[in-house]
Amino acid sequence: MLELWLVGIGTGNPAHVTLEAQAALRDAALVMVPTKGPEKFDLAALRHAAAEGENVMPASILCARVGVTTGEWAAQMRAVHGEYRGPTGVSASPSNMTDGLDELRADVDLVSDRLGRRLKFLVGKPGLDGHSNGAEQIAVRARDCGMDIAYEGIRLTPEEIVNAARSDGAHVVGLSILSGSHIPLVEDLMRRMRTEGLGHVPVIVGGIIPDEDAERLRHLGVARVYTPKDFELNTIMSDIITLADPKSVAAE
């Protein structure tokens, strides 16, 4: 059993408590916090202060003293003020720098004909990773190869990505994860894909991924895993086209 030494709130004396006991205290609907006198406090007070334009520092200090996490604190701020989304994304219009892509563009046209519509490639960045450059390079190259791309920026949840894959009719889903949390995020996404009847849609993943984790991702059903050594964009494009090709799937 994990145990913690905590400084007694308002007393300066150490208290030996189990993690479970601390969690029970912290998660109580109302927590007694000795200040100048007994004071009842919960996260609703923090949210109220934010909504009313009051100084949130006193409520934030009380949150810290009872063990509220930064994520829980931030959730109250988002509930009141909304969530900032960085201006990431790519234009749907192809660039004029398509030299050397003729063969890939012809392959996209061929596979699109077999699919009955333009090959749809969804690029998603799940989790808290804000490094969007790699994902955007992949999306731009796919667009310039003639694919219909969908990319909605950073910090998406697996649920949001799966919902987009379903509503957009994605033929291939690509994930960019540089935060190191690729295993839990992909586990969640693959489970949701199967639940939504999208288990047949190939998923590819790129990121800082150790070899042993790459093998685990493949066991989870990931079709391709890319790391920084896989820097040849046209090779990745060729893989996406092959994965989407119904003729290739039938051959397997």
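Key figures for this structure:
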item	result
Residues whose placed amide H lies under 5 Å from that of ILE149, excluding near-sequence neighbours	PHE121
Net length gained if the chain between ASN133 and ASP113 were fully extended (0.36 nm per residue, minus Cα distance)	4.1 nm
Ascending count of other beta-carbon atoms within 10 Å, so fewest first, for LYS125, LYS229	LYS229, LYS125
Gain upon complete extension [LEU220, HIS48; 0.36 nm per residue less C-alpha separation]	57.6 nm
Separation in nanometres of the label points that stand 7 Å from Cα toward Cβ, at ASN234 and ALA64	5.5 nm
Percent RCO, i.e. relative contact order, over segment 102-251, from Cα pairs under 8 Å lying at least 6 residues apart	26 percent
Positive dipole terminus of segment 102-251, leading residue within PRO158, ILE204, VAL140 (C-beta point charges)	PRO158
Exposure proxy order (Cβ contacts within 10 Å, fewest to most) of LEU233, LEU104	LEU233, LEU104
Net dipole in debye of segment 136-219 [+1 Lys, Arg Cβ; -1 Asp, Glu Cβ; about Cα centre; nearest 20]	140 debye
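Every number here is computed from the coordinates shown, using simple stated rules; none is lab data. Source: prediction; values computed, not measured. Counting neighbours? That spans all protein chains shown, and the Cβs are built from the backbone with ideal geometry, glycine included.
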